[in-house]
Amino acid sequence: MSRARADEEEYWHSSKFRAFTFDDEDDELSQLKESKRAVNSLRDIVDDDDDDDDDDLERVSWSGEPVGSISWSIKETASSSTSSLEGRDSSLPKGSSSYAAFPKQVSSYSLSSLFKGRNKLPSFQSLSDALSDTGVKNYAPELRRPKAEYKDYSSDWSPKDTVRRMQRGKVCSLERFRSLQDKLVLLDEAVAGHDGNVITTVLIFLKRTLRREIFFRELEVRQVALCHLIHFLKEMGEQKLLLDLLRFLDRTEEVALSQYREHLNIQDVEKRREFLKGCIGLPFSAEDTSHIQDHYTLLERQIIIEANDRHLETAGQSEIFRKYPRKASILNMPLVTTLFYSCFYHYTEAEGTFSSPTNLKKTFKIPDKQYVLTALAARAKLRAWDDVDALFTTKNWLGYTKKKAPIGFHRVVEILQKNSAPVQVLQEYVRLVEDVETRLNLATKYKCHDVVIETYRDLKDRIQLIAYKCKVERGSAEEGKINSILNN
């Protein structure tokens, strides 16, 4: 029992590491061996060539912890303080061989040392050199762009190569083309590539880097690039540069038209009227001058009509405005819209008034077909069938009346049907269609039975009458009419 207790005490009081004594040379020798192990383990960490050497040995530091562990690295870094270093040195004699082998130098080994490497240390004495060597090579990867990407910004690309790369969507710097000759070659290559986006990009670069006179002069002999630039300036609204370019090219009519387009940006109606008045004197062609004059006159009429109708609508003095309130202003509307408005609200007015449809027709020389179509649509919408009838009734020199339509009666029938005209009105105009096949198709489509029966009677087509008899209601007037014709 006592023997077991003695063994237990010997186990707990025993130690792998013995205390340091000055007289014990064996202890100094063992300490030197441990120092060599530490150096070897440090060299293995720094140098990757001998990772497999001495794997079976237990590598320990002066504190007994494995060399290269995180705790060992932290303690090695902490040992750099002077106070702790002096505390350790005070326990060692100045004549000790161990003291001479390891000079008092702060350890620079840390976790960051794992990313550094150097050749194997030749001897034990080079430990301090290994720890303090500033010429070690850094093996951490260098993050930088691939060399191929630098070519996008290099100055080695020719104008042809630059255009090809731009066509493929690559980023290319055009700033390297500094001379006029290089810029013109670049423009010619862009035009030869037939890529509108590349041409426009080069033109923007030239517009920014060339004097305006030189830029215009070179474009004058390059019509494709010139057309691209004119279109680009119109789209971007660069009116001043566009006008300067057209004046340089002596295109006076285009200059006038470009100035005329500015009226679209003027919202105030009075200012727009004054602007149009000033545009009449611009160097337009004869036909365009007539259109500008009509535009000015129409806007002037619209201002007068709008002011008068707004007053009548507000005062409630006109029955048509009370029954059909206006949905929008007449200002800045096209001529056809203005004519429809006039036929709708001012159809019966005398020709001397500005709002009269007849006055508008005469002033702006509206063709008969356009006038009849517009007036028919306006009066049919109001279901004014008498006005529709009067629109197509004419008298000859003998005083006889007849119906005549410059647009063709088949168009009249279609417009009347869209405005829900009654069958009696539709039949009257379907009968006036000259072509028999068209008349039969319209009459069948819109169920004008009398017209179909009369047409088959005139054609003496007994078979079609019998067939059509099955399409009408039994006992109706149309069936009786068919039977009367068949029995005759």
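Quick notes
- Computed accessible area, residue 311, all protein chains, 1.4 angstrom probe, square angstrom: 110 Å²
- FRET efficiency for residue 297 and residue 487, using Cβ-Cβ distance with R0 set to 56 Å, rounded to 0.05: 0.30
- Per-residue ³J(HN,Hα) for the stretch 412-425, Karplus 6.51 cos²θ - 1.76 cosθ + 1.60, θ = phi - 60°, Hz, x for Gly and Pro: 4, 4, 4, 5, 5, 5, 5, 9, 6, 5, x, 5, 4, 6
- Extension gain (nm, one decimal) between residue 212 and residue 461, 0.36 nm per residue minus Cα-Cα: 81.5 nm
- Residues in the stretch 364-392 reached by a label modelled at residue 419 [backbone nitrogen below 15 Å; 7 Å Cα→Cβ]: 370-392
- Efficiency of FRET between residue 265 and residue 435 - r from beta-carbon atoms, R0 60 angstrom, step 0.05: 0.75
- Rolled with a 1.4 Å probe across the full set of protein chains, the surface gives residue 157 an accessible area near 60 Å².
- Extension gain for residue 348-residue 404 works out to 18.1 nm (0.36 nm per residue, less the C-alpha to C-alpha distance).
- Accessible surface of the stretch 156-249, 1.4 Å probe: 50 percent of it comes from carbon and sulfur atoms.
- Note on the stretch 389-446: Cα Rg divided by 2.2 N^0.38 Å, N the number of residues, gives 1.17.
- Across the protein chains, with a 1.4 Å probe defining accessible surface, the residues 348, 201 rank 348, 201 from largest area downward.
- Using the 1.4 Å probe convention, the accessible area of the stretch 232-362 works out to 57 Å² per residue with neighbouring protein chains retained.
- Whole-number accessible area per residue in Å² for the stretch 395-488, which is evaluated in the context of all protein chains at 1.4 Å: 67 Å²
- Gain on full stretching of the segment that runs from residue 288 to residue 304 - 0.36 nm per residue minus C-alpha separation: 3.3 nm
- Distance violations [Cα-Cα > 27 Å] among 381/403; 395/469; 160/207: 395/469
- Within the shell defined by Cβ-Cβ distances under 14 Å, the residues around residue 389 carry a net charge of +4, with Lys and Arg each +1 and Asp and Glu each -1.
- At q = 0.25 Å⁻¹ the log10 of I(q)/I(0) for the stretch 156-249 amounts to -1.41, computed by Debye summation with a single uniform scatterer per C-alpha, solvent ignored.
- Nearest-0.05 FRET efficiency for residue 394 and residue 471, computed from C-beta distance (R0 41 Å): 0.70
- Of the trypsin sites (Lys or Arg not before Pro) found in the stretch 365-407, those that fall in a DSSP loop while having at most 12 other beta-carbon atoms within 10 Å are 365, 404.
The values are calculated or read from the model by the stated rules, or taken from the named source; none is laboratory data. Computed from a predicted structure; not experimentally measured. Virtual Cβ from ideal backbone geometry, glycine too; neighbours counted across all protein chains shown. Protein only, heavy atoms only, side chains kept; ligands, DNA and RNA dropped before computing areas. Shrake-Rupley method; radii C 1.70, N 1.55, O 1.52, S 1.80 Å.
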